[in-house]
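Colleague: Take a look at this one; I'll ask things after.
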Amino acid sequence: MIKHIGTNSIETTRLILRRFRPEDTFDMYKNWASDKETLRYLPWGPHSDVNVTHRRILSWVENYKQPNVYNWAIYLKSNKQVIGSISVEISNDKEKSCEVGYCIGRSFWGREIVPEALRAVMHYLFFEVGYKTIFAKHDVENTASGRVMQKVGMHYEKTFYDVGRRRDGSLYDVDMYVKYYNVSEKES
């Protein structure tokens, strides 16, 4: 049974995954929302100015009133900044499944930060909320995102073709990865 408990803080060795706050606006804008390269494979952005980022964060803060919203700021303890986000994009309570998405600033790529955050979020979604299946998708050209999914134990499921258009107008395909609930992981 799904037990929606909302976006609660999760702490890992290097990170605090927590709710976004209005004061995160500058970090988000500077670290990823204004960077065209970071957002290359995402359907939104880059934000034209910091006010766009501020409005986005205010809408997320408002959404936290709903217990089925899961949207974490990735706060890096060592530099005391929000450097990315990770969230449930789509959920299906009847099937006990959800899809997660993530984004992290380019200057933080390659440091194993996203796998650390994704492992913690998956554990939370499986063992605290009660999902049985977690999906993630990535543009087939964004192979680094696929490697993140593999590192956390997700397995390739299938490719969806011509799912949309990139901002440059080209059609894109996505690979879908999946991870199923595993009781033995609760002990780890």
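Colleague: May I ask you to list the residues in region 12-40 that are surrounded by 18 or more Cβ atoms within 10 Å (Cβ to Cβ) and aromatic (Phe, Trp, Tyr)?
Modeller: PHE20, TYR29, TRP32
Colleague: Output the number of residues of region 151-162 satisfying the condition of being farther than 16 Å from VAL121 by Cβ and of a type outside the set (Phe, Trp, Tyr).
Modeller: Looking only at that region, the number is 5.
Colleague: Please find, among LEU17, LEU58, LEU42, the residue that is under 29 Å from GLY130 (Cβ atoms), among the aliphatic types (A, V, I, L, M) and out of contact with any strand residue (DSSP E or B) (no Cβ under 6 Å at 6 or more places or on another chain).
Modeller: From the options LEU17, LEU58, LEU42, the qualifying one is LEU42.
Colleague: For ASP173, which of the numbered conditions (1) at pLDDT below 95; (2) touching a Phe, Trp or Tyr at 6+ places or on another chain (Cβ under 8 Å) fails to hold?
Modeller: Exception for ASP173: condition (1).
Colleague: Still on this structure, please answer the following. Residues in region 127-155 that are under 16 Å from SER87 (Cβ atoms) and not basic (Lys, Arg): how many?
Modeller: Going through region 127-155 one residue at a time, the tally reaches 11.
Colleague: Give ARG147, ARG106, ARG119 a once-over and let me know the one that is closer than 21 Å to TYR75 by Cα and either exposed (fewer than 14 other Cβ atoms within 10 Å of the Cβ) or touching an Asp or Glu at 6+ places or on another chain (Cβ under 6 Å) (or both).
Modeller: Answer to the selection: ARG106.
Colleague: Separate question: Does region 176-188 hold any residues that are in a strand (DSSP E or B) and either more than 13 Å from HIS138 (Cα to Cα) or modelled with pLDDT under 95 (or both), and which are they? Don't jump to the end; show me each part of the working.
Modeller: Initially, region 176-188 is screened for residues in a strand (DSSP E or B), giving 176-180.
LYS179, TYR180 - these are the residues of region 176-188 that are in a strand (DSSP E or B) and either more than 13 Å from HIS138 (Cα to Cα) or modelled with pLDDT under 95 (or both).
Colleague: Select from region 131-175 the residues that are at positive phi and outside any strand (DSSP E or B) and write down the one among them that is farthest from the chain's Cα centre (by Cα).
Modeller: Top of the filtered list is GLY169.
Colleague: Let me ask something additional. Residue pairs, Cβ under 6 Å, 6 or more apart or interchain, first in region 8-26 and in a loop (DSSP other than H, G, I, E, B), second not acidic (Asp, Glu). List them.
Modeller: Once the first residue is in a loop (DSSP other than H, G, I, E, B) and sits in region 8-26, its partners that are not acidic (Asp, Glu) give SER9/ARG18; THR12/ALA120; ARG14/LYS77; ARG19/THR7; ARG19/TYR64; PHE20/ILE57; PHE20/TRP60; PHE20/ALA73.
Colleague: Can you name every residue in region 39-73 that is in a loop (DSSP other than H, G, I, E, B) and without any contact (Cβ under 8 Å) to a residue 24 or more places away in the chain?
Modeller: Answer for region 39-73, where residues must be in a loop (DSSP other than H, G, I, E, B) and without any contact (Cβ under 8 Å) to a residue 24 or more places away in the chain: TRP44, GLY45, PRO46, HIS47, SER48, ASP49, LYS65.
Colleague: Quick one: in region 106-164, which of the residues that are among the β-branched types (Val, Ile, Thr), in contact with a strand residue (DSSP E or B) (Cβ under 7 Å, 6 or more places away or on another chain) and touching a residue at least 60 places away in the same chain (Cβ under 8 Å) is nearest to LEU15 (Cα to Cα)?
Modeller: Checking each candidate, the answer is ILE113.
Colleague: Now, a different point. Could you say which residue among ILE113, ILE83 is in contact with a Leu (Cβ under 6 Å, 6 or more places away or on another chain), modelled with pLDDT of 95 or more and not basic (Lys, Arg)?
Modeller: ILE83
Colleague: When residues of region 74-86 are filtered for being exposed (fewer than 15 other Cβ atoms within 10 Å of the Cβ) and either in a helix (DSSP H, G or I) or on the phi < 0 side of the Ramachandran plot (or both), how many remain? Talk me through it step by step, then tell me what you get.
Modeller: From region 74-86, those exposed (fewer than 15 other Cβ atoms within 10 Å of the Cβ) are 77-80; that's our starting set.
Of the ones still in play, those that are also either in a helix (DSSP H, G or I) or on the phi < 0 side of the Ramachandran plot (or both) are 77-79.
Of the residues in region 74-86, 3 are exposed (fewer than 15 other Cβ atoms within 10 Å of the Cβ) and either in a helix (DSSP H, G or I) or on the phi < 0 side of the Ramachandran plot (or both).
Colleague: Does region 43-60 hold any residues that are surrounded by fewer than 16 Cβ atoms within 10 Å (Cβ to Cβ) and closer than 20 Å to ASP139 by Cα, and which are they?
Modeller: PRO43, TRP44
The values are calculated or read from the model by the stated rules, or taken from the named source; none is laboratory data. These numbers come from a predicted model, not from an experiment. Note: ideal-geometry Cβ built from the backbone for every residue, glycine included; neighbour counts use all protein chains shown.
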